[in-house]
Amino acid sequence: MAIFSHHKKEIDDEFYTLKEDWKRIENYIPKNKVAWEAFSNGEFESVDYLKSICKEVKCNTGDFFENDNISFDIILTNPPFSIKKQVLERLKLLDKPFIIILPTLSLQTKYMKSIFGDDLQVILPTKKIFFYKIIDGKKKIYNKLSYYCCYVCYKINLEKDIIFID
C-alpha cells in the first residue's frame with residue numbers, strides 16, 4: 001500500500017496513534033462527518049475508535065499526495081513527522097477541515113506560519129501523546145518520548161484558538 005509513495009521518508013517514523021489519544025478530544029471531533037484517516041491502512045485501534053464516533057472513516061485510499069478523488073468532510077490523522085511540511089502544504093491545497101497530531105515545536109516554524117498564517121487552532125494536552133508500533137505481532141508503546149505533541153486544527157471552529165486538555 002502506497003500512502004505517500006513519491007515523498008521519501010528519511011527515517012522510520014511509522015508510529016500509530018493510541019485510541020485514547022483520539023478519545024481525549026472526542027468532544028471536538030465532528031460526529032456527523034465523513035473522516036479521512038489519510039495515513040492509515042485501517043488496521044489500527046485509532047481507526048476503529050474513529051469509526052465508532054464518526055459518520056464514516058475512509059482509509060487505505062492510496063497516496064495522500066496523489067489521491068484527489070476521495071470524498072470526505074474532515075481529515076483526522078497522525079502524519080509521518082519526517083514529511084510534515086509536505087503534508088501541511090498538501091492540506092492547505094485541499095483546504096478541508098482537519099485535526100492532525102504534530103510535535104508542538106511544529107507550531108513555531110516559519111513554514112507553518114507561511115502555509116497557514118493565523119488560520120490554525122490548537123488543542124494542547126497537558127500530558128504527552130504516546131505512539132505505538134506492531135513488532136512481531138505485539139503492540140509496543142513508545143512512552144519515553146523527549147517531545148510533546150498537540151492537535152493542530154484547521155476550519156474546526158473551536159470556541160477558542162488554544163484549548164488545554166488533560
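The values are calculated or read from the model by the stated rules, or taken from the named source; none is laboratory data. This one's a predicted model, so the numbers in the text were calculated from it and none came from an experiment. A quick note on method: Cβ atoms are made from the backbone with ideal geometry, for glycine too, and the neighbour counts reach across all protein chains shown.
Look through region 125-163, keep the residues that are among the hydroxyl-bearing types (Ser, Thr, Tyr) and either under 18 Å from Phe81 (Cβ atoms) or not in a loop (DSSP other than H, G, I, E, B) (or both), and return whichever of them is farthest from the chain's Cα centre (by Cα).
At the first step, the residues of region 125-163 found to be among the hydroxyl-bearing types (Ser, Thr, Tyr) are 126, 132, 142, 146-148, 151, 154.
In the following step, the residues that additionally are either under 18 Å from Phe81 (Cβ atoms) or not in a loop (DSSP other than H, G, I, E, B) (or both) were identified as 132, 142, 146-148, 151, 154.
Working: Tyr132: 14, Tyr142: 17, Ser146: 19, Tyr147: 16, Tyr148: 14, Tyr151: 8, Tyr154: 12 Å.
Per the stated criteria, the residue is Ser146.
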ask   = Can you tell me which residue in region 91-116 is nearest to Asn32 (Cα to Cα), limited to those that are hydrophobic (A, V, I, L, M, F, W, C) and more than 12 Å from the chain's Cα centre (by Cα)?
value = Leu94
ask   = Thr104 versus (1) in contact with a strand residue (DSSP E or B) (Cβ under 6 Å, 6 or more places away or on another chain); (2) hydroxyl-bearing (Ser, Thr, Tyr); (3) within 17 Å of Glu14 (Cα to Cα): which is the lone unmet condition?
value = (3)
ask   = Would you call Phe130 modelled with pLDDT of 95 or more, of a type in the set (Phe, Trp, Tyr) and surrounded by 14 or more Cβ atoms within 10 Å (Cβ to Cβ)?
value = no
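Can you find a residue in region 91-103 that is more than 14 Å from Tyr154 (Cα to Cα) and modelled with pLDDT of 95 or more? Can you show your working first?
So in region 91-103, the residues more than 14 Å from Tyr154 (Cα to Cα) come out as 103.
After this cut, where a residue has to be modelled with pLDDT of 95 or more as well, the list is 103.
Yes: one or more hits.
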request  = Take Thr109 and decide whether it is touching a Phe, Trp or Tyr at 6+ places or on another chain (Cβ under 6 Å) and within 24 Å of Asp12 (Cβ to Cβ).
outcome  = no
request  = Tell me the helices (runs of 4 or more DSSP H) entirely within region 22-120 that contain at least 1 residues that are surrounded by 15 or more Cβ atoms within 10 Å (Cβ to Cβ) and small (Gly, Ala, Ser).
outcome  = 45-53
query = Which condition number does Leu88 fail, the rest of (1) within 13 Å of the chain's Cα centre (by Cα); (2) touching a residue at least 40 places away in the same chain (Cβ under 8 Å) being met?
reply = (2)
